[in-house]
Amino acid sequence: MSRFWSELVHGLSPYVPGEQPQIPGLVKLNTNESPFGPSPKAIEAIRAAAADTLRLYPDPQATQLREALAAYHEVSPEQVFVGNGSDEVLAHAFAALLKQPAPLLFPDVTYSFYPVYCRLLGIDYTTVPLDAGMRVRIDDYAGRPGPVIIANPNAPTGIALPSAEIARLAAARRDTAVVIDEAYVDFGAETAIPLIRDYPNLLVVQTMSKSRALAGLRVGYAIGDAALIEGLTRVKDSFNSYPLGRPAQAGAIASIEDEAHFQQARSVIMKNRADLTAALVRLGFEVLPSSANFVFARHPDHSGQALSAALRQRAVLVRHFTAPRIADYLRITIGSETELSRLTDALREVLAKNG
Ligand code: PMP
């Protein structure tokens, strides 16, 4: 606290990212990073970009990257916006589209950054409870004005809606923006990108942090009608014209071009997810059906707090949230086979000790 702070700063309640501790031998399953490296071609492109040309500013429009994303997703470059991680893209979407006279709607259990942006930007919001099965129910958004943001798959539940449900949501509220945060879509959910042709109010946000293992590069993007993208660009150019450096633009393009690496990594993660889910069920956990690179699970006899603390003592880090509806759950990132067996061994030990 400082008397030099602005009133805005006093009123903030910042997002708390998962820890990044430097513990030797740590099994890190707390921030949904990929256990595999990015495409070697991306690393090569980033190295090549570390050159004399770094004295020059990067392309502020990231034209080549937007063209590559447009070709990949079968849209036009005017329908693509890129930013410094999808967190920044989301922040610009909140400012450009989601700040409206009617309160913004989002689920009571979702990405905990959404209320943080609302505070920063002075956006009024209303949360809509997930149903008893921890699912988003589109019908619960009917009859309320105001824009909507939904993570699909949702976080931290991992549960996905089919794209027909997203279409129903966008169709029912043609006069307000609908933002779909697809950070985890590549692990088995359906993208809403093909719907943007029919719904000029629909913005889809994706990231290279998870399925492309580039969390450290910070590249996220949005796809939607050109007029929505223009709104985001107006905010970006009022904030930071060069959110992506040359290495980030080059690495992202090379990643998109390496389809084989992308497909291989995501299929291993989906296989490991199925194996981990089965192992957790055998240990007595209830595991929500995940379409993401993490699972959300709780044990009937042990609190989330106690389990995450006991795992931490065994150098296994998972994410635990204290919000009332989810305090009993652990969110466990899908790691490599070795990491997951370290986790299940540690859990077996903890459950035997306290069971
Ligand atoms: N959306 C959701 C639902 C997330 O969980 C995350 C990761 N914390 C992000 C967006 C942001 O990811 P990034 O900024 O790395 O693209």
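The values are calculated or read from the model by the stated rules, or taken from the named source; none is laboratory data. Keep in mind that this is a model prediction, so the values were computed, not measured. Note that we place each Cβ from the backbone using ideal geometry, even for glycine, and neighbour counts take in every protein chain shown.
Below, the figures for the structure above:
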| item | result |
| --- | --- |
| Subset tally (residues that are crowded, with 20+ Cβ neighbours inside 10 Å and either in contact with a Gly (Cβ under 6 Å, 6 or more places away or on another chain) or within 26 Å of LYS271 (Cβ to Cβ) (or both)) for segment 314-338 | 12 |
| Candidate set from segment 259-298 (those that are farther than 18 Å from ALA160 by Cβ and among the basic types (Lys, Arg)); member that is farthest from the chain's Cα centre (by Cα) | ARG282 |
| Odd one out for ASP301 among (1) surrounded by 13 or more Cβ atoms within 10 Å (Cβ to Cβ); (2) touching a residue at least 24 places away in the same chain (Cβ under 8 Å) | (1) |
| Boolean, LEU105 is crowded, with 19+ Cβ neighbours inside 10 Å, modelled with pLDDT of 95 or more, touching a Ser or Thr at 6+ places or on another chain (Cβ under 8 Å) and not acidic (Asp, Glu) | yes |
| Options LEU65, LEU90, LEU69, LEU97; residue that is under 27 Å from ARG325 (Cα atoms) and either at pLDDT 95 or above or not assigned by TED's automatic domain parsing to the domain that holds ALA327 (or both) | LEU90 |
| Boolean, GLY83 is within 16 Å of the ligand (Cβ to nearest atom) and either surrounded by 16 or more Cβ atoms within 10 Å (Cβ to Cβ) or more than 18 Å from PRO14 (Cα to Cα) (or both) | yes |
| Some residue of segment 51-73 being within 16 Å of the ligand (Cβ to nearest atom), surrounded by 12 or more Cβ atoms within 10 Å (Cβ to Cβ) and of a type in the set (D, E, K, R) | no |
| Criterion: within 16 Å of the ligand (Cβ to nearest atom), over 20 Å from GLN79 (Cα atoms) and out of contact with any helix residue (DSSP H, G or I) (no Cβ under 9 Å at 6 or more places or on another chain) - qualifying residue of GLY245, GLY216 | GLY216 |
| Condition check for SER112: outside any strand (DSSP E or B), surrounded by fewer than 22 Cβ atoms within 10 Å (Cβ to Cβ) and within 16 Å of the ligand (Cβ to nearest atom) | yes |
| Residue match in segment 3-24 (condition: small (Gly, Ala, Ser), touching a His at 6+ places or on another chain (Cβ under 7 Å) and either in contact (Cβ under 8 Å) with a residue 60 or more places away in the chain or more than 16 Å from the ligand (Cβ to nearest atom) (or both)) | no |
| Residues of segment 14-47 that turn out to be surrounded by fewer than 15 Cβ atoms within 10 Å (Cβ to Cβ) and at pLDDT below 90, as a count | 9 |
| Scan of segment 280-294 for residues that are buried (at least 24 other Cβ atoms within 10 Å of the Cβ) and not in a loop (DSSP other than H, G, I, E, B), ordered by number | PHE294 |
| Residue within segment 321-339 that is more than 22 Å from the chain's Cα centre (by Cα) and either β-branched (Val, Ile, Thr) or assigned to a helix (DSSP H, G or I) (or both) present | yes |
| Residues (part of a helix (DSSP H, G or I) and touching a helix residue (DSSP H, G or I) at 6+ places or on another chain (Cβ under 7 Å)) located in segment 1-43 | LYS41, ALA42 |
